[in-house]
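The values are calculated or read from the model by the stated rules, or taken from the named source; none is laboratory data. These numbers were taken from a predicted model, which means no experiment stands behind them. Cβ sites come from the backbone with ideal geometry, for glycine too, and all protein chains shown count toward neighbours.
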Amino acid sequence: MPHLFEFFPKATVCLALTACSMAATAAAQPGSVFIEELTSFELREKIANGATTVLIPIGGTEQNGPHMALGKHNVRAKFLAAQIAQRLGNAVVAPVLAYVPEGAISPPVAHMRFTGTMSIPEATFESILESTARSFKQHGFHDVVFLGDHGGYQKNETRAAEKINKEWAADTRYRAYGLTAYYAAAQAPFTKVLKSKGFSDAEIGLHAGLSDTSLTMAIDKSLVRPDLLAEGAKTGPADGVYGDPRRSSAELGQIGVQIIVEKSVQAIQEAIRQRGIR
């Protein structure tokens, strides 16, 4: 039997195969958990079919030392939110919020001292969360969940959810949640496992150390520069590293991924159950 390339130029065949691949991808989009990949009509149908929980992943754009990309939180929040949504089965994921409070801009403090970090006022951040929640309620979502990948604004998530819930108090079908369990899972539970494997607190670190870097590597290795990993005790806070990331690995990070997804799913399911019996 004659080969396909005998009748069509290679470029033509490649274009045809690419078109088929793109068509297949497009056809698969209605099954996506990401709102930004759906049409308005597809999302409306999902809601009508019971997908009434929306997860709002919150990241941030900040320095992570010389070895890790500025968008770490954004990539992680989107990936983990998708994993959680798939486990829940009745949830979709909103676009990532990449602009968050990172401290004073002028004079700069904390992460704002490093090139690339972006900061907005806390009041602005909370207002964005509140307006987003109101928008999703308008479209038929019953449970609006804030998933924050950064510790600095956990209190803001909680305040925004509390304000919204006061507005919605007359109708118990609707509820907003500042899911601090998501961020907490990446702290003590993950640290406990890492320590059981022989890693010290100093090595695990608080920011851009072993736990933080490993979690990022498990989700997207391209965000980490392996050749630039250095001991935090040598680089220090002046370089934005609090910990020792040299022994970081995707395998260790996968442990953190599993813990975060598991504990977040449990917390969301319990919160929705409590809402239902109020």
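Taking the range 157-192 as the search range and keeping residues that are closer than 19 Å to Thr213 by Cβ and of a type in the set (A, V, I, L, M, F, W, C), which one is surrounded by the fewest Cβ atoms within 10 Å (Cβ to Cβ)? Once the filter is applied, the top-ranked residue is Ala188. Of the numbered criteria (1) closer than 22 Å to Gly178 by Cβ; (2) modelled with pLDDT of 95 or more; (3) not aromatic (Phe, Trp, Tyr), the one Ile105 fails is (1). Of the residues Lys221, Lys195, the single one that is of a type in the set (Lys, Arg), more than 30 Å from Glu130 (Cβ to Cβ) and surrounded by 13 or more Cβ atoms within 10 Å (Cβ to Cβ) is Lys195. You will find that of Pro226, Pro237, the residue that is closer than 20 Å to Gly152 by Cβ, modelled with pLDDT under 95 and surrounded by fewer than 19 Cβ atoms within 10 Å (Cβ to Cβ) is Pro237 and no other.
Scanning the range 98-147 for residues that are under 27 Å from Ala238 (Cβ atoms) and of a type in the set (Gly, Ala, Ser) gives Ala98, Gly103, Ala104, Ser106, Ala110, Gly116, Ser119. Read through the list (1) at pLDDT below 95; (2) out of contact with any helix residue (DSSP H, G or I) (no Cβ under 6 Å at 6 or more places or on another chain); (3) farther than 26 Å from Phe141 by Cβ; (4) surrounded by fewer than 21 Cβ atoms within 10 Å (Cβ to Cβ), then give the number of the only condition that Tyr242 fails. With respect to (1) at pLDDT below 95; (2) out of contact with any helix residue (DSSP H, G or I) (no Cβ under 6 Å at 6 or more places or on another chain); (3) farther than 26 Å from Phe141 by Cβ; (4) surrounded by fewer than 21 Cβ atoms within 10 Å (Cβ to Cβ), Tyr242 is out only on (2).
Quick check on the range 44-84: of everything there that is in a loop (DSSP other than H, G, I, E, B), in contact (Cβ under 8 Å) with a residue 24 or more places away in the chain and not small (Gly, Ala, Ser), which residue is farthest from Ser249 (Cα to Cα)? This residue is Thr52. Whether any residue in the range 103-122 is farther than 19 Å from Asp212 by Cα, in a loop (DSSP other than H, G, I, E, B) and touching a residue at least 60 places away in the same chain (Cβ under 8 Å) is what I want to check. No - not one qualifying residue is present in the range 103-122. Any residue that is in contact with a Phe, Trp or Tyr (Cβ under 7 Å, 6 or more places away or on another chain) and either in contact (Cβ under 8 Å) with a residue 24 or more places away in the chain or under 30 Å from Arg273 (Cα atoms) (or both) - is there at least one of those in the range 165-173? Looking for residues that are in contact with a Phe, Trp or Tyr (Cβ under 7 Å, 6 or more places away or on another chain) and either in contact (Cβ under 8 Å) with a residue 24 or more places away in the chain or under 30 Å from Arg273 (Cα atoms) (or both), one finds at least one in the range 165-173, hence yes. Among residues belonging to the range 52-109 that are polar (S, T, N, Q) and in contact with an Asp or Glu (Cβ under 7 Å, 6 or more places away or on another chain), point out the one that is surrounded by the fewest Cβ atoms within 10 Å (Cβ to Cβ). The qualifying residue surrounded by the fewest Cβ atoms within 10 Å (Cβ to Cβ) is Thr52.
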